[in-house]
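Shown next, in structure tokens, is the structure this report addresses.
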Amino acid sequence: MREYSHGNWGGWLLVETENKLFYPIHGPVERGGYVIDLERFTSSASMLDTIIQVAKKTWTSDACVAGLVWALQDLFEPQETLCGNGANLQMTSAQLRARISAAVAVKNVPRYEDVA
């Protein structure tokens, strides 16, 4: 059984009002953390680059990286929208925002606004 799945993002939270992901590096949300701007993911290359950057951080863990991958899956379904059949597909900022809104409407998305 997978420890991380839809809605369980290993600590990552959606900042819905800003279309960003937040990871509380230093404990409680109030103490700050790492932020990813989701609107930069207009290609599979930009998404993969961010995943690898996070994986190389000194503070990261396997749970953090797995949670990030599940968050991106829940929000964007990247194999369908960005990299199906090995193609480097593109999404516009409007398409990204629509995907985020749709995910929030139908999935149990961990939101920053609910814990801050």
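The values are calculated or read from the model by the stated rules, or taken from the named source; none is laboratory data. All figures in this text were calculated on a predicted structure; none of them were measured in a lab. Cβ: placed from backbone, ideal geometry, glycine included. Neighbour counts: every protein chain shown.
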Out of (1) outside any loop (DSSP other than H, G, I, E, B); (2) surrounded by fewer than 18 Cβ atoms within 10 Å (Cβ to Cβ), what's the single condition that is false for A71? (2)
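Condition test on Q73, is it more than 19 Å from N8 (Cα to Cα) and of a type in the set (S, T, N, Q)?
Values: more than 19 Å from N8 (Cα to Cα): no; of a type in the set (S, T, N, Q): yes.
Here the answer is no, as Q73 does not meet what is asked.
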Here's a check for you: in the range 1-57, which residue that is among the polar types (S, T, N, Q) and modelled with pLDDT under 80 is surrounded by the fewest Cβ atoms within 10 Å (Cβ to Cβ)? S5
Subset of the range 103-116 [part of a helix (DSSP H, G or I), out of contact with any Phe, Trp or Tyr (no Cβ under 7 Å at 6 or more places or on another chain) and surrounded by 13 or more Cβ atoms within 10 Å (Cβ to Cβ)]: A103, V104
Does the range 86-116 hold any residues that are under 18 Å from E39 (Cα atoms) and without any contact (Cβ under 8 Å) to a residue 24 or more places away in the chain, and which are they? A94, Q95, A98, S101, A102
